[in-house]
1. Kindly establish whether A:Val91 is over 19 Å from A:His182 (Cβ atoms), part of a strand (DSSP E or B) and of a type in the set (A, V, I, L, M).
2. For the range B:158-169, state whether one or more residues are surrounded by fewer than 19 Cβ atoms within 10 Å (Cβ to Cβ), within 14 Å of chain A (Cβ to nearest Cβ) and part of a helix (DSSP H, G or I).
3. Take the conditions modelled with pLDDT of 90 or more and within 29 Å of A:Arg252 (Cα to Cα) and apply them to B:Glu35. Does it pass?
4. Please return the ranges of strands (runs of 3 or more DSSP E) entirely within the range B:1-78 where 1 or more residues are aromatic (Phe, Trp, Tyr) and either surrounded by fewer than 22 Cβ atoms within 10 Å (Cβ to Cβ) or on the phi < 0 side of the Ramachandran plot (or both).
5. Within the range B:99-113, can one find any residue that is at pLDDT 90 or above and outside any helix (DSSP H, G or I)?
6. Go through A:Ile223, A:Ile188, A:Ile172 for me and flag whichever is touching a helix residue (DSSP H, G or I) at 6+ places or on another chain (Cβ under 6 Å) and either more than 11 Å from chain B (Cβ to nearest Cβ) or outside any helix (DSSP H, G or I) (or both).
7. Taking A:Leu25, is it within 21 Å of A:Gly180 (Cα to Cα) and of a type outside the set (Ser, Thr, Tyr)?
8. Exactly one of (1) free of Cβ contacts under 8 Å to residues at least 40 places away in the same chain; (2) crowded, with 24+ Cβ neighbours inside 10 Å is unmet by B:Phe141. Its number?
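The values are calculated or read from the model by the stated rules, or taken from the named source; none is laboratory data. Here the structure is a predicted model, which is why all the values come from computation and not from measurement. Using ideal geometry, Cβ is built from the backbone for each residue, glycine included, and neighbour counts are taken over all protein chains shown.
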Number of protein chains: 2
Amino acid sequence: MITEKLVPNPQDPRLSRTVEGVDELGQSREISVIEERPLTIYLNSQEIVTAMTIGDYPEYLALGFLLNQGMLGESDVVTAIDYDEELEVAVVRTAATTNVEDKLEKKTRTSGCAVGTVFGDMMAGLEGLELPDVPVQTSTFYDLSYKVNHTPSLYMETGAIHGTALCQGNEILAYMEDVGRHNAVDKIAGWMHLNKVSAADKVLYTTGRLTSEMVIKTALMGIPTLISRSGFTAWGVDIARQVGLTLVGRMRGKKFTCLSGQHRLVFDQDPNSVVDESASMRRKGAASG
Amino acid sequence: MITEKLVPNPQDPRLSRTVEGVDELGQSREISVIEERPLTIYLNSQEIVTAMTIGDYPEYLALGFLLNQGMLGESDVVTAIDYDEELEVAVVRTAATTNVEDKLEKKTRTSGCAVGTVFGDMMAGLEGLELPDVPVQTSTFYDLSYKVNHTPSLYMETGAIHGTALCQGNEILAYMEDVGRHNAVDKIAGWMHLNKVSAADKVLYTTGRLTSEMVIKTALMGIPTLISRSGFTAWGVDIARQVGLTLVGRMRGKKFTCLSGQHRLVFDQDPNSVVDESASMRRKGAASG
């Protein structure tokens, strides 16, 4: 059950800091910059990775990362997620030892690194996956894009950050931001899992690019539609087509491009009725490379 | 010795592909999208990581990645870099076994992943590091920014890509692009190493954000000045101040912000003499999140 809408909290003092410098005229200036801190993620006693994050939802991030890497499957029962703020460590605990721990144990004895290894596993998780073939109205793209652009966010305060929003119809259910665009998606995945949120009727919005990894994560989460302000990669498009994901990019003002799953689009809004983005909105994403 | 300037080749047919889709009016459109392919990097017989790359300079990327992660040091003699296009594997070979291989061998027997492990090593490499305290003229920022914006690039063809340029005075020596902003920097590092290019008199320009990892890499490369179109993170600023790196961000048209090493700036150009960026230039970086 979803208890409340989750949106960014740009006022959280742990997430940004004022720093002094100079501008192009040599005049002193104070600007707000985003915090960035390491989080080391463990799966039981197995160290998996150190991610750089703003640090607002370490439990969601740790769980979502493991889910989206295919390191936790449906048969794995998560019993606890322990976060130690001082050590900057999050430990996801399961009832039984997971396949991944066994595999890493074997793998690391010979050659490997978890991240390298697991990429193959992520692709493997897509085999036979077919996302629900649901219609999606283009009016929701415009509504969601407007709402994300007008929700107070760390981006507006500090720049240099990515946002991802989980949406249902034209409502935002959860909007996460992070210095890594993958972290924002992983936090959404962790939040969905802990709150038992269904995926088949959702749309995922991201400010980041539609790369293979972003498409794979969305597909593994079971979400049939992914939209972005940014552009595509060829492999991202290939994978989206393989799993039946509707992939919409370059979504700005009235314009967008759909390169996969376009048969599902219901063109229920005249693009000419959409107000173009203001200059400040067009900059949104511009500093978030 | 530097033999020739290296700039992107947007016409290389291996780097992009035309894909069909629809626009916001439901009309068929063909757009050019960037390719993205895995490259698995080995250090001798040790598998290190799988990176997603456009694939144009696998040897530079493999070598630069290992250098920038602190996995190869000054005492390591690189004897060969073998790239297998079919297997998508690059192997960097050294005369003797490296510390990293020994360390990974030990580490992976207990818990670890190379990337997680090595982050600590990257920070360790900064201890005692102090970059040369050289003056840098603000006119070079404007010149370089203009030149990068007006060099034909994959970004202009396809979007969804990051660029990094190594500069000397107001000249671009090497301009690399990649789907991962770290890859572009790593390719520059590999190119510098193989061509024995000195770092102390250079400026690095990137379209990506000034995160801790970007700052660490620049510092480990020995380059005293890093400029970017994009924003900062607090930790990135902290590290830059620690090692004496001049850090300039939000560089667009006449504007920029300097948050570290500002005492080295020589304000030799009136910002009002700088022509503001055109709308299409302002979009540069906008799709590259």
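1. yes
2. no
3. Against the criterion (modelled with pLDDT of 90 or more and within 29 Å of A:Arg252 (Cα to Cα)), B:Glu35 qualifies.
4. By residue number, B:37-43.
5. Scanning the range B:99-113 turns up no residue that is at pLDDT 90 or above and outside any helix (DSSP H, G or I).
6. Unique residue meeting the criteria: A:Ile172.
7. No.
8. The single condition B:Phe141 does not satisfy is (1).
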